């Protein structure tokens, strides 16, 4: 029996597995893909993660991420506000970052089971049994659910958010573009918003969120982009001037910002499996890593202090709520101001003249170095 099984090899899963293995615990991580691979993601990370990553032996400087210190927000007609990012951040592709953390975790002894999914998780006699798609069975004392935004495992667990379809889809490109490397820009359009910021190797991540209805109305992604996104002059310039590096974008459906729980069937949920901040707030990658840190710390406390399942779940729930509940709530509130054309224009028009409010929103959706 392994100490910990981690379901999902995104940022939350990778950093928690790495931390647990470095502390001497046996860890197996199940991931449905093979590294390296692309993910739909804004690929901007707040600098709050840097102390934690250094403590795990991660040297991100070797990956040459882009340093980002300025922020821009535009309305659908192109009206824009600018601000300084107090803490700052960096841009790095998930293709590069996840693969780097995967290799680091392998070096620490994490056992990876790739190209497999978890079909069922059962809990009995204070231990878990995981049935995998490849026919294997894993037994573990603790399970971390770090499998992202939506999974068939959510259906098996009968999670409430899974019962209602989400209207959102996400689309991501990598581009070459004449744009400041230290700036992250968020551009609103009807029923959605897009972000662009530098990543490694002189490239940019261009990612947007919109609705299935927008796509259905126009029939294809290119036609939707021309009809809807290009109404914003900043976005029109990207589509006209940027060199798109891949033939097809990465696309993901059913993105849900609904409230989720961080404990399900005694599993500790982390990253997007526990709750997703809106891309507009631009801090999902940092939150995923922070939740992985909290999960790893609580699991280590569980093993070192009497194996109390109840205490583990109570401590993790309390720590998770303290760190993320308000940030997710603020993110959902802020999202209501954008995507709607009239509200977006009003919000950007007002916030341009209220820099303290802009800074307050940023502080509410970003954490402190950890």
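Considering each residue of the range 7-19 in turn, at least one proves to be on the phi < 0 side of the Ramachandran plot, surrounded by fewer than 24 Cβ atoms within 10 Å (Cβ to Cβ) and touching a residue at least 12 places away in the same chain (Cβ under 8 Å). If the condition is being at pLDDT 95 or above and assigned to a strand (DSSP E or B), then the range 195-209 contributes 195, 196, 197, 198, 204, 205, 206, 207, 208. Scanning the range 44-68 for residues that are over 17 Å from residue 85 (Cβ atoms) and in contact (Cβ under 8 Å) with a residue 60 or more places away in the chain yields 51, 52, 53, 63, 64. For the range 333-345, indicate whether the set of residues that are within 19 Å of the chain's Cα centre (by Cα) and touching a residue at least 24 places away in the same chain (Cβ under 8 Å) is non-empty. Checked the range 333-345: at least one residue is within 19 Å of the chain's Cα centre (by Cα) and touching a residue at least 24 places away in the same chain (Cβ under 8 Å). Checked against (1) surrounded by 17 or more Cβ atoms within 10 Å (Cβ to Cβ); (2) touching a strand residue (DSSP E or B) at 6+ places or on another chain (Cβ under 8 Å); (3) outside any loop (DSSP other than H, G, I, E, B), residue 359 meets all criteria but (1).
Residues in the range 50-68 that are more than 17 Å from residue 102 (Cα to Cα) and in contact with a helix residue (DSSP H, G or I) (Cβ under 8 Å, 6 or more places away or on another chain) were compared, and the one that is surrounded by the fewest Cβ atoms within 10 Å (Cβ to Cβ) is 64. If only residues of the range 139-181 that are surrounded by fewer than 16 Cβ atoms within 10 Å (Cβ to Cβ) and modelled with pLDDT of 95 or more are counted, the one that is farthest from residue 265 (Cα to Cα) is 178. The number of residues in the range 325-356 being over 29 Å from residue 214 (Cβ atoms) and either modelled with pLDDT under 80 or out of contact with any strand residue (DSSP E or B) (no Cβ under 7 Å at 6 or more places or on another chain) (or both) comes to 5. Could you tell me whether residue 216 is farther than 30 Å from residue 333 by Cα and either crowded, with 18+ Cβ neighbours inside 10 Å or out of contact with any helix residue (DSSP H, G or I) (no Cβ under 6 Å at 6 or more places or on another chain) (or both)? No. Taking the range 292-321 as the range and being farther than 14 Å from residue 127 by Cα, out of contact with any helix residue (DSSP H, G or I) (no Cβ under 9 Å at 6 or more places or on another chain) and without any contact (Cβ under 8 Å) to a residue 24 or more places away in the chain as the test, the residues that pass are 304, 306, 314, 318.
Restricting attention to the range 213-232, the residues being assigned to a helix (DSSP H, G or I), in contact with a strand residue (DSSP E or B) (Cβ under 9 Å, 6 or more places away or on another chain), under 19 Å from residue 341 (Cα atoms) and touching a residue at least 24 places away in the same chain (Cβ under 8 Å) number 4. Within the range 5-22, identify whether any single residue is within 18 Å of residue 274 (Cα to Cα) and over 19 Å from the mean Cα position of the chain (by Cα), and answer yes or no. Looking through the range 5-22, at least one residue is within 18 Å of residue 274 (Cα to Cα) and over 19 Å from the mean Cα position of the chain (by Cα). Within the range 118-130, being part of a strand (DSSP E or B) and without any contact (Cβ under 8 Å) to a residue 24 or more places away in the chain holds for 122, 124, 129.
Pairing each residue of the range 235-250 that is closer than 17 Å to residue 77 by Cβ with any residue that is exposed (fewer than 15 other Cβ atoms within 10 Å of the Cβ), provided the two are 6+ apart or on different chains, yields C-beta distances under 8 Å for 239/226.
The values are calculated or read from the model by the stated rules, or taken from the named source; none is laboratory data. Note that the coordinates shown come from a computational prediction; the quantities given were computed from them, not determined experimentally. Glycine also receives a Cβ, built like all others from the backbone with ideal geometry; neighbour counts cover every protein chain displayed.
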